[in-house]
Amino acid sequence: IDVRRDGVSVTEVSDGDVIEIHAYIRNEGRGGADAVDIKCRVEGVLVGAVMIEHIESGGLGSAVCDAQVSSGGSTIEILVIADGTGSIAETSESNNDRVVVLEVSDIDDDEGGIADSIDRGPALLMISVGLVLISLTALYFGPSRVSKPFDRKK
């Protein structure tokens, strides 16, 4: 199991982060496995179910589930179950699930960027006024209307 945030593997997440749970499933059997169902759970809540069409013998399949971290505690538990229905004949059913525990940190509101510190109301007003002035200036200094000279035929 590999947990990623913004495409980077992480071991610690913040409350409210959207994470990707990448599960890699290896077929250790002698024959191919068809219709392998993968279920992802975060804190016991089902957040994704993926079906892998076929995994060859010795082959590796992958599944991705997305989830948003919302934890009141300091850790979250991510559980990935392969073949949870038991539909694939196996010699050992004990290797079908894995658990990963991640640390959850609090969100730091003090470290906002420059975009978070700007009051959007006056900024949008100034941008709108600027665009109107630029448009009027371009209209005033733009080329005049093309006029066709009037020729009276006698």
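Peptide packing for 66-72, 33-39, 146-152 was compared via the average number of neighbouring C-beta atoms within 10 Å per residue; ordered from the highest value, the list is 33-39, 66-72, 146-152. Rounded to the nearest whole Hz, the Karplus-based 3J(HN,Hα) values (6.51 cos²θ - 1.76 cosθ + 1.60, θ = phi - 60°) of the stretch 52-62 follow the sequence 9, 4, 7, 10, 5, 4, x, x, 10, x, 9, with x at glycine and proline. Simple rule: put +1 on each Lys or Arg Cβ and -1 on each Asp or Glu Cβ in the chain, find the dipole, and look at 42, 147, 27; the Cα lying farthest toward the positive end is 147.
Phi-derived couplings, Karplus 6.51 cos²θ - 1.76 cosθ + 1.60 at θ = phi - 60°, listed residue by residue for the stretch 25-32: 10, 9, 8, 8, x, 8, x, x Hz, with x used for Gly and Pro. Taking other residues whose beta carbon is less than 13 angstrom from the beta carbon of residue 2, and scoring Lys, Arg as +1 and Asp, Glu as -1, yields +2.
Tell me the carbon and sulfur percent of the accessible area for the chain, rounded to whole percent, probe radius 1.4 Å. Please report the intermediate quantities before stating the final value.
On the way: 6100 of 11440 Å².
Carbon and sulfur: 53 percent of the exposed surface of the chain.
Using a Förster radius of 25 Å, what is the FRET efficiency between residue 46 and residue 89 based on their Cβ-Cβ separation? Nearest 0.05, please. Don't skip to the end; give the middle numbers.
Values: r = 25 Å, r/R0 = 0.99.
Computed FRET efficiency for residue 46 and residue 89 comes out at 0.50.
Axis angle, to the nearest 10 degrees, between helix 120-141 and the longest C-alpha principal axis of the chain: 40 degrees. Dipole check for the chain: with +1 at the C-beta of Lys and Arg, -1 at the C-beta of Asp and Glu, and the Cα centre as origin, the magnitude is about 2140 Debye. Its Cα centre serving as origin, the stretch 26-76 has a Cβ charge dipole (Lys and Arg +1, Asp and Glu -1) of approximately 140 debye.
The values are calculated or read from the model by the stated rules, or taken from the named source; none is laboratory data. The model shown is predicted, which means the values in this text are computed figures rather than measured ones. So basically every Cβ, Gly included, is an ideal-geometry build from the backbone, and we count neighbours across all protein chains shown. These accessible areas exclude ligands, DNA and RNA; they are computed on the full protein's heavy atoms, side chains included. Shrake-Rupley method; radii C 1.70, N 1.55, O 1.52, S 1.80 Å.
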